[in-house]
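Just below is one structure, and these are the notes that go with it.
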Amino acid sequence: MVSPRDSGQATGEGEPASNIRWLVVLAVTITSVLLYLDRICISEVLKYDAARRDLHLDADQIDWSYSAFFIAYALAQVPSGWFADRFGVRSLLTFYLLSWSLLTALCGLAASFPALFVLRLGIGLAQAGAYPTSGSLLSRWVPLSSRGVASSVVAFGGRLGAVLSPKLTTALIGSLGSWRPVMALYGGAGCLAAAAYWAIVRDRPDEHPGCNAAERALIAKGRPPSRDHETTSHVAQTAAMLAGLIKSGGMWLMCLSQFTTNVGWAFLITWLPTYLTKSLQVSDETGASMTSVVLFTGMGGMLAGGYVTDWTTRRFGLRWGRILPLVVSRFTAAAAFLLAGYFRSPWAAVTAFAVVAFSTDLGVAGTWAFMQDVGGRFVGAVLGWGNMWGNFGAAVSPFLPRWLSVGPESANWNAVFTACAAAFVISGIASLGIDATKPVVSPLPSAKR
């Protein structure tokens, strides 16, 4: 987990650096696991006839229950990130985690579609702040040389939660005999995690009693001076941040890259099981296992991506070090999508999709690190801005088969694969234009000197 330049040794004479930063990363990673565990469990719950009868849901209402989360999640990204930048990452992420955990538990008491819809809206709003706040926290606690690795570990936690959620939810429902206590169990686990996060994390290293001077010096090495205590008004700072987001060509290119990446990647969690069962004629059980293989492979790319972006940054500098993993991984994913349509062997196709998953996740750490590089004191809002566009891309993806006139029973999936490949190519080209050396918001002069 630790890069060669962040080994925990003191930067000079005296005591070795403490390792509180990695305890902070662990706390955020656990939060990331719960983020996806609670997000996806409802999909597994609503597969059960008993749950649908309990909630009196028809097919359209189930779709809206899913959509409620993503609509709220996407639109709340920037505001929730700004709140964290403004009021502190420790208190805000604790609040977000407590909120979505309690709302998840309350889902177990829902008895109708309106109740479930409102609760899912609330969970989307609460979870929207998790990754922007986590990115802001990492920018304060992790040395520049290790941002890629730390980002990949936290993002890996999300993927782990996504893979665990279906199997764990099914096992718990079978063990407890009902879906309702499972929601309470997940909510309780989140409340315990929130208490642990509050105990471990501080907004900045200099506020943590266990973070010694050597570790603080190591964290600060290579980064610009902190402006956390500048006296410019918050109104002026927020206006400058919004103007910077709108004017930054590099940021718009990153948003385009995230949007198109998720257009392609979301196929793996929406239509891939249908493609395997309907087109390649595998059983439901085999198709589920194959999909799990694809997602597990992506988790490997998530971890590897942190080391790759940190290595390329040391080797080629900040700008090209961030760009290269993004560009290469997106073009690789595009090629794998184009090949997938030519394979009639199910496992050959799964191999191609696994390459898509690995390549996509390989670039995630670079994306997070870029946001931390250019965000300054507004990392939460900047990461939220990019994540918002990425979620809009994920929301578009499930409609591709319908737009391209390819129904679930059709064998002409090549149109979908070509569209997904084109999305990854656009993402790779857009990534060429980003520059991690140019901050989104230029430092403002203080109101008083």
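The values are calculated or read from the model by the stated rules, or taken from the named source; none is laboratory data. Just so it is clear, the structure is predicted and the values come from calculations on it, not from any experiment. Positions of Cβ are generated from backbone atoms using ideal geometry, with glycine treated the same way; all protein chains shown enter the neighbour counts. Just the protein is used for accessible areas: all its heavy atoms, side chains included, with ligands, DNA and RNA removed. Shrake-Rupley method; radii C 1.70, N 1.55, O 1.52, S 1.80 Å.
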Worksheet entry | Candidate set from the stretch 198-212 (those that are within 19 Å of residue 30 (Cα to Cα) and among the charged types (D, E, K, R)); member that is least open to solvent (accessible area, probe 1.4 Å) | 203
Worksheet item: Identify, please: which residue in the stretch 305-322 is within 19 Å of the chain's Cα centre (by Cα) and not charged (D, E, K, R) and is, among those, most open to solvent (accessible area, probe 1.4 Å)?
Response: 307
Item to complete: Tell me, please, whether a residue that is part of a helix (DSSP H, G or I), modelled with pLDDT of 80 or more and among the hydrophobic types (A, V, I, L, M, F, W, C) can be found in the stretch 224-236.
Response: no
Fill in: Unique match (being over 18 Å from the mean Cα position of the chain (by Cα), over 19 Å from residue 115 (Cβ atoms) and crowded, with 20+ Cβ neighbours inside 10 Å) among 87, 83
83
Worksheet entry | Whichever residue in the stretch 354-372 is more than 12 Å from residue 155 (Cβ to Cβ), modelled with pLDDT of 85 or more and not hydroxyl-bearing (Ser, Thr, Tyr) and, among such residues, is most open to solvent (accessible area, probe 1.4 Å) | 358
Worksheet entry | Single residue of 270, 274, 313, 260 found to be touching a residue at least 60 places away in the same chain (Cβ under 8 Å) and in contact with a Lys or Arg (Cβ under 7 Å, 6 or more places away or on another chain) | 313
Item to complete: Can you tell me which residue among 93, 46 is within 21 Å of the chain's Cα centre (by Cα) and at negative phi?
Response: 93
Discussion item. Suppose the filter is open to solvent by 40 Å² or more (accessible area, probe 1.4 Å), aliphatic (A, V, I, L, M) and within 23 Å of the chain's Cα centre (by Cα); does residue 195 pass it?
Written reply: yes
Worksheet item: So which of 256, 280 ends up being of a type outside the set (Gly, Ala, Ser), out of contact with any Cys (no Cβ under 8 Å at 6 or more places or on another chain) and open to solvent by less than 30 Å² (accessible area, probe 1.4 Å)?
Response: 280
Item to complete: Need at least 2 residues that are charged (D, E, K, R) per element, so show me which helices (runs of 4 or more DSSP H) inside the stretch 303-379 make the cut, counting only ones lying wholly within it.
Response: 318-340
Item to complete: For residue 120, state whether it is of a type in the set (Lys, Arg), open to solvent by less than 30 Å² (accessible area, probe 1.4 Å) and in contact (Cβ under 8 Å) with a residue 12 or more places away in the chain.
Response: yes
Fill in: Residue match in the stretch 55-67 (condition: within 25 Å of residue 303 (Cβ to Cβ) and buried (at least 16 other Cβ atoms within 10 Å of the Cβ))
no
Worksheet item: Does the stretch 40-55 contain at least one residue that is more than 19 Å from residue 111 (Cα to Cα) and in a helix (DSSP H, G or I)?
Response: yes
Discussion item. Within the stretch 295-304, does at least one residue satisfy the condition of being in contact with a Gly (Cβ under 7 Å, 6 or more places away or on another chain) and open to solvent by 40 Å² or more (accessible area, probe 1.4 Å)?
Written reply: no
Practice prompt. Taking only the stretch 129-145 into account, find how many residues are closer than 16 Å to residue 302 by Cβ and open to solvent by less than 10 Å² (accessible area, probe 1.4 Å).
Written response: 3
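The rows are residues; the columns are (1) out of contact with any Phe, Trp or Tyr (no Cβ under 7 Å at 6 or more places or on another chain); (2) assigned to a helix (DSSP H, G or I); (3) touching a residue at least 60 places away in the same chain (Cβ under 8 Å).
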{"site": "85", "(1), (2), (3)": "no, yes, yes"}
{"site": "95", "(1), (2), (3)": "yes, yes, no"}
{"site": "98", "(1), (2), (3)": "yes, yes, yes"}
{"site": "102", "(1), (2), (3)": "yes, yes, yes"}
{"site": "116", "(1), (2), (3)": "yes, yes, yes"}
{"site": "135", "(1), (2), (3)": "no, yes, yes"}
{"site": "149", "(1), (2), (3)": "no, yes, yes"}
{"site": "155", "(1), (2), (3)": "no, yes, yes"}
{"site": "164", "(1), (2), (3)": "yes, yes, yes"}
Item to complete: Determine if the stretch 130-149 includes at least one residue that is more than 30 Å from residue 19 (Cβ to Cβ), of a type in the set (Val, Ile, Thr) and in contact with a helix residue (DSSP H, G or I) (Cβ under 6 Å, 6 or more places away or on another chain).
Response: no
Worksheet item: Which condition does residue 38 not pass, out of (1) acidic (Asp, Glu); (2) modelled with pLDDT under 85; (3) closer than 21 Å to residue 132 by Cβ, if it passes all the others?
Response: (2)
